[in-house]
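Working notes, beginning with the structure itself.
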Amino acid sequence: MPELPEVETMKRALELRLTGRRFAQTIQRRPDLRWPLPAQLPQRLAGRRVEAFGRRAKYIQLFLDDGQVVLLHMGMSGRLIFDGNPQGAHEHLTFSFDDGTVLRFVDPRRFGALDLTTVEDLPRHRLLAGLGMEPLGNAFSGLELADAFRNRIVAVKLALMDQKLVVGVGNIYASEALFRTRLNPATPAGAVPAAVLDLLAENVRAVLGEAIEAGGSSLRDYVQADGELGSFQNLFKVYDRAGKPCLVCETPIVRSVQGNRATFFCTRCQSIDHAS
Ligand SMILES: [Zn+2]
């Protein structure tokens with residue numbers, strides 16, 4: 001599943017290629033993805049110019065010249081592919097633009113989504129209302145985390161991954177940010193001291209930023225052809241490294257399960273009692 005850094009990378013790739021372009025033709029091959037596609041989608045896009053791009057959580061936003069906004073979500077397996085060859089049965093939407101650019105929406109599992117709304121209705125859109133704080137937003141800080149985590153006994157890793165509290169921090173980035181913060185993933189969220197939350201916010205932002213940068217290095221390939229995004233794997237210090245030596249202290253990394261998701265951490269580095 002694309003995580004936030006990949007979605008941000010996709011947004012930047014789209015921005016580079018499509019800003020100022022007009023939709024020429026849209027071919028829609030089925031009535032729905034995860035949800036029904038908007039009625040008259042090809043007609044409503046035809047001739048519209050893409051003026052700007054935005055992102056909220058994993059929703060990419062295309063702002064059109066008539067006040068419409070396209071919301072795009074990649075779901076579990078969605079990919080956007082520029083140009084190249086048709087992708088067969090899983091290519092559900094094909095957008096052609098006035099300069100000849102072709103964008104293909106490919107989604108084998110069909111958990112992706114596309115909706116049309118307007119600038120006015122965007123803040124109240126059912127898919128965006130109720131989302132938690134944006135970890136790459138300017139306001140994201142230890143203070144914001146402290147507000148969200150106050151009195152919560154749920155494990156800090158699960159709180160960090162709760163989309164109603166913080167959006168877009170998936171399993172990988174939560175594990176990595178907690179490792180950098182030297183914070184045990186099972187610590188109750190409400191018990192993490194303010195100074196440690198400051199550090200945690202910084203580390204979440206740093207991990208996501210580095211992943212975006214790593215994706216950025218493959219941005220050109222992505223834009224050119226096949227939709228493959230950069231690999232972030234060489235950034236992982238704990239994620240998916242069970243049994244391998246911690247890169248700081250050489251203690252074998254432990255895998256545990258929290259909320260049905262695998263958690264990877266170093267029992268030594270992440271055992272500091274921050275409260276003392
Ligand atoms: Zn360690």
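We did not get these values from a lab; they are worked out from the coordinates using the rules stated. Note that the structure is a prediction, hence the values are computed from the model and not measured. A quick note on method: Cβ atoms are made from the backbone with ideal geometry, for glycine too, and the neighbour counts reach across all protein chains shown.
The GNM of the chain, with springs linking C-alpha atoms under 10 angstrom apart, assigns the highest mean-square fluctuation among Leu37, Leu183, Leu136 to Leu37. Label reach from Trp35 (point 7 Å along Cα→C-beta): in the range 72-96, amide nitrogens under 13 Å belong to 72-73. In the chain, helices alone account for a calculated mean residue ellipticity at 222 nm of -8000 deg cm²/dmol, with every DSSP H run of four or more residues adding -39,500 (n - 2.57). The residues packed around Cys246, meaning those with a beta-carbon under 10 Å from its beta-carbon, carry a net charge of +3 if Lys and Arg are +1 and Asp and Glu are -1. Gyration tensor analysis over the Cα atoms of the range 36-85 returns equivalent ellipsoid semi-axes of 19, 15, 13 Å (largest first, whole Å).
Counting only lysines at least 8 places from Lys58 when in the same chain, those with an alpha carbon closer than 28 Å to its own are Lys11, Lys157, Lys164, Lys237.
Under 25 °C and 0.890 mPa s, how fast does the chain diffuse according to Stokes-Einstein, given a Kirkwood radius computed over C-alpha pairs? Answer in µm²/s, whole number. Approximately 123 µm²/s, per Stokes-Einstein. Across the range 84-95, rounded Karplus estimates of 3J(HN,Hα) from the backbone phi angles (6.51 cos²θ - 1.76 cosθ + 1.60, θ = phi - 60°) give x, 8, x, 9, x, 4, 8, 8, 8, 9, 10, 10 Hz, Gly and Pro being marked x. For the range 82-106, backbone nitrogen atoms closer than 14 Å to the point 7 Å from Gln25 Cα along Cα-to-C-beta are found at 86, 94-103. Applying a length cut-off of 18 Å (Cα extent along the axis) and a mean Kyte-Doolittle floor of 0.0 to the DSSP H helices of the chain leaves 194-217. Scaled against the 2.2 N^0.38 Å expected of a compact globular protein of N residues, the Cα radius of gyration of the range 4-124 reads 0.96. Across the range 3-157, the relative contact order, built from alpha-carbon pairs under 8 Å that are at least six residues apart, equals 23 percent. Each listed q (0.13, 0.19, 0.21 Å⁻¹) maps to a log10 I(q)/I(0) for the range 125-196, found by the Debye formula over equal Cα scatterers with no solvent: -0.34, -0.73, -0.90. Along the range 249-261 the Karplus relation, 6.51 cos²θ - 1.76 cosθ + 1.60 evaluated at θ = phi - 60°, assigns HN-Hα couplings of 10, 6, 5, x, 5, 9, 10, 10, 10, 10, x, 6, 10 Hz to successive residues, with x for each Gly and Pro.
The separation of the range 32-57 from the range 62-78, counted between C-alpha centres, amounts to 5 Å.
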